[in-house]
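Please read the structure below before turning to the comments.
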Amino acid sequence: MSLLAGKIGLVFGVANKRSIAWAIAQAWSREGATLAFTYQGERLKENVEELAATFGPDTLILPCDVTKDEQIAAVFEAVRAKYGRLHLVLHSVAFAPKDALEGKFLNTSREAFRIAHDVSAYSLVAIARAAAPLMTEGGSIIGMSYYGAEKVVPHYNVMGVAKASLEACTRYLAYDLGPLKIRVNCISAGPVNTLAARGISGFTAMLKQYEERAPLRRNLLPEELGATGVFLASDGAAAITGQVIYVDCGYQIMGM
Ligand code: 0WE
C-alpha cells in the first residue's frame, strides 16, 4: 500500500471512465499519488472534469492537443507552478484517421501517416522533453502500445507502424533520460473495450479470439493495467527502463 505516496503524476489520455488512462490513474491515486490530467478538446472537457473531481476539487485539469507545442508547454508550466516537480507521466494517446484503419495499409496517405505518427509517437518525445526538467527526483514515464507494433494485425495498419515508432522512441528516450534517473517504458495491452476501440469492425471477434488463444484463456481487466502502471511507476521497477511489458494474458508468446 501507498507505493506512490508523495509522487506527483500527470495523465494524458482520459476520455471517459472506460479509458485505459483512467484505470491507471485510479490505481496511481489509490497508491497515494497526486494527479493532474489533460483532456483533448472541449468535447472531452466535461468528462475529464467529472472524473478528475473524484480526486478532490483542486485537481489540476488542463487542455492539451499533443500536436501543439504551446499547449504541451502550458501544461508543464501549470504543473511547475502548482507542484514545482513531477514524478510520473502516463501517455495514453493515439490517433489515426478512421479511413487509414480500414482497407489496405498499402493505401495509407502521406497525411494519415503524418497524423498517426505525430499524435501517437512524436508526442511522447515532446512530453518527455518537457517533463524531464521537472523530474528532479527521478521519474517514470509510461506509454501504451499494442501487439500490432510487432506483428501484422489486419486493419491496425498505420497505427501498428506508429506504435512500432512509439516503442523505439521509448528505448531512445530511456537511453537519454537514464542518467537523470528517469525511466521510460511501454505497456503493451491486449484489446480493451474503450472509446478508441468502439466502431472498429471486428473488435468483438478480436476479444473472443484472445479468450480462445491466450494462455490465460481470458481478456485482461482494466484494473490489471492499473496494477502494472503502479508497478512501473514504483521503486519495484527501479531497474526497468526502455521495456515493453505485455499485459495481454500471454497472447504475445503464442506462435499459433
Ligand atoms: O491503438 C488502438 C486504437 C487507437 C485508435 C483508434 C481509433 C478509432 C477512431 C487510433 N485512431 C483511431 N481513429 C479513429 O478515428 N488499439 C490498440 C485498439 C485497436 O484499434 C484497432 C484494432 C485494435 C485492437 C484497429 C484495427 C484493428 C485492431
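Odds and ends about this structure:
- Partner lysines for K208 [C-alpha distance under 30 Å; skip if fewer than 8 residues away on the same chain]: K17, K98, K104, K151, K163
- Label-to-label distance for Q209 and A81 is 4.8 nm, based on points extended 7 Å past Cα in the beta-carbon direction.
- Once the Cβ-Cβ distance of A74 and L106 is raised to the sixth power relative to R0 = 41 Å, the FRET efficiency obtained is 0.55.
- Alpha-carbon centroids, region 83-149 and region 3-47: separation in whole Å: 16 Å
- Y39 long-range amide H proximity, modeled H, under 5 Å: L62, C64
- Percentage relative contact order, the chain, counting C-alpha pairs under 8 Å, at least six apart: 20 percent
- Three-way shape label, region 51-104, alpha-carbon gyration tensor, a/c 1.5: prolate
- Calculated FRET efficiency for the pair E46/L180, C-beta based, R₀ 25 Å, to 0.05: 0.10
- The lysines whose alpha-carbon is closer than 18 Å to the alpha-carbon of K181, local same-chain residues fewer than 8 away aside, are K7.
- A simple rule links phi to the HN-Hα coupling: the Karplus curve 6.51 cos²θ - 1.76 cosθ + 1.60 with θ = phi - 60°, which for region 62-68 gives 10, x, 7, 8, 5, 8, 10 Hz, with x for Gly and Pro.
- With the simple model of a label 7 Å out from the Cα in the direction of the Cβ, N193 to V152 spans 3.0 nm.
The numbers here are math on the coordinates, done by the rules we state, and not lab data. From a predicted model like this one, the values you see are computed outputs, not experimental measurements. Cβ atoms come from the backbone with ideal geometry, glycine included; neighbour counts cover every protein chain shown.
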